[in-house]
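Bear in mind these aren't lab numbers, they're just calculated from the coordinates by the rules spelled out. What you are looking at is a predicted structure, and each value in this text was computed from that prediction instead of being measured. Cβ coordinates were reconstructed from backbone atoms using ideal geometry, including for glycine residues, and neighbour counts include every protein chain displayed.
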Amino acid sequence: MARDIRQASTSDVEAVAELRAAVLRADLERLGRYDEQRVRQRLRDGFDPAHTWVIEVAGMFAGCVALRPAEDAHWLGYAFRFTTAAQRQRLRRGAGRGAVTSGTAGIVPSVP
């Protein structure tokens, strides 16, 4: 199955916001802090497609990663977030390796 990492665009913000809400829901509910609108809006407010990569499997959104540049490093802007289907396919290791290589080398490779 084809897996790729591509540069995000502004049109990706809603898919990323929905995935973030799903990933954080259980933890935020446990803390009594889940707000359905706020969890999405915080992502929208900070979303920067120039520093975000979308992970696709067979052309479908599977997750994303943000690497924010600093003076002498790149910071993981937010944790890897994968759809349930992508988790089952064990994409984390390959996508993480590809994203780190991408951010530090300035290229966006395919995920092996």
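Mind ranking 30-40, 57-67, 12-22 by how tightly packed they are, going by the mean number of other C-beta atoms within 10 angstrom, highest first? Mind showing how you got there, number by number?
Numbers: 30-40: 11.5, 57-67: 18.9, 12-22: 17.4.
Peptide ranking by packing, descending: 57-67, 12-22, 30-40.
Amide H of residue 64 versus every other amide H placed in the peptide plane: which residues, excluding those fewer than 5 positions away on the same chain, fall under 5 Å?
Here 55, 81 satisfy the definition.
Using 0.36 nm times the number of residues separating residue 38 and residue 14, minus their current alpha carbon distance, what extension gain do you get?
7.3 nm
Under the classification rounded if a/c is under 1.5, otherwise prolate if a/b is larger than b/c and oblate if not, where does the range 1-81 fall, given a ≥ b ≥ c as square roots of the Cα gyration tensor eigenvalues?
Because a/c hits 1.5 or more and a/b fails to exceed b/c, the range 1-81 counts as oblate.
Which residues' amide hydrogens lie under 5 Å from the amide hydrogen of residue 8, considering only partners 5 or more residues apart or on another chain, with H built in the peptide plane?
Amide H neighbours of residue 8, under 5 Å, 5+ apart: 52, 53, 54.
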